[in-house]
């Protein structure tokens, strides 16, 4: 069974630029999560989708971050414009249903200069 | 006060040693997860437990619901066990993560 795929693996941008991350969850998983993990900290949930609907985006900085999951499969997370403090690993995870075991992708390491 | 506290933050051990990592939490949960994160970011789920004890190979996880405490044990540790171990507590809505324990096992 293929795991959660993410791309790119690494991205370096300058502040005020835009960036987008892509996630392809495990086939058949209805729930998809985006996390932000700053160095030395645990992951923080940014947004949670159930199929193509948003379940929880309470910790998403909506002035600069946006995410979508069209057709309830792949998802993209966008930052526009990026700030220095956005430097982190962005993790995507999926689960069969909410509350079930989450399977994580390899993450995208973003560096904002 | 963080909802999930792990100790120690950093742990260095010699190969073969018995290792214990602790996790305390302050919120009501439906399950507790232990995760392993290697350099580069990828996370692997080790255990999900809501009571008692689970064992997988050299790894053992226990949870005491009344005391809101869990431990992850590694027997006969090996350098390949070097990673960050993260405790996360789950409700029906989401997981709340600890900040992780950096384990280094020296040969």
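Of all DSSP beta bridges confined to chain A, the antiparallel ones make up roughly 90%. Across the protein assembly as shown the C-alpha pair distances fall into 5 Å bins from zero in the proportions 1, 7, 15, 18, 19, 16, 12, 7, 3, 1, 0 percent. For segment A:61-100, the Cα-based Rg and Dmax, in that order, read 12.5, 34 Å.
Remark: mean inter-chain Cβ contacts per residue of A:98-104 equal 6, using a 10 Å Cβ-Cβ cutoff to other protein chain atoms.
Mean silhouette area of segment A:33-106, derived from the convex hull of its C-alpha atoms and averaged over all directions, reads 5.1 nm².
On the beta carbon distance between residue B:82 and residue A:10, with R0 = 30 Å, the FRET formula returns roughly 0.85.
Send over the semi-axes of chain B's equivalent ellipsoid, whole angstrom and largest first, taken as the square roots of 5 times the C-alpha gyration tensor eigenvalues. Over the Cα atoms of chain B, the ellipsoid semi-axes are 22, 14, 12 Å. Applying the Kirkwood pairwise sum to the alpha-carbon positions of segment A:1-57 produces a hydrodynamic radius of 13.3 angstrom.
Packing around the peptides A:38-46, B:44-52, taken as the average count of other Cβ atoms within 10 Å per residue, puts them in this order, highest first: A:38-46, B:44-52.
Values quoted throughout were computed directly from the atomic coordinates according to the rules given, and no laboratory measurement underlies them. Predicted, not measured: the structure shown is a model, and the values here were computed from it. Virtual Cβ from ideal backbone geometry, glycine too; neighbours counted across all protein chains shown.
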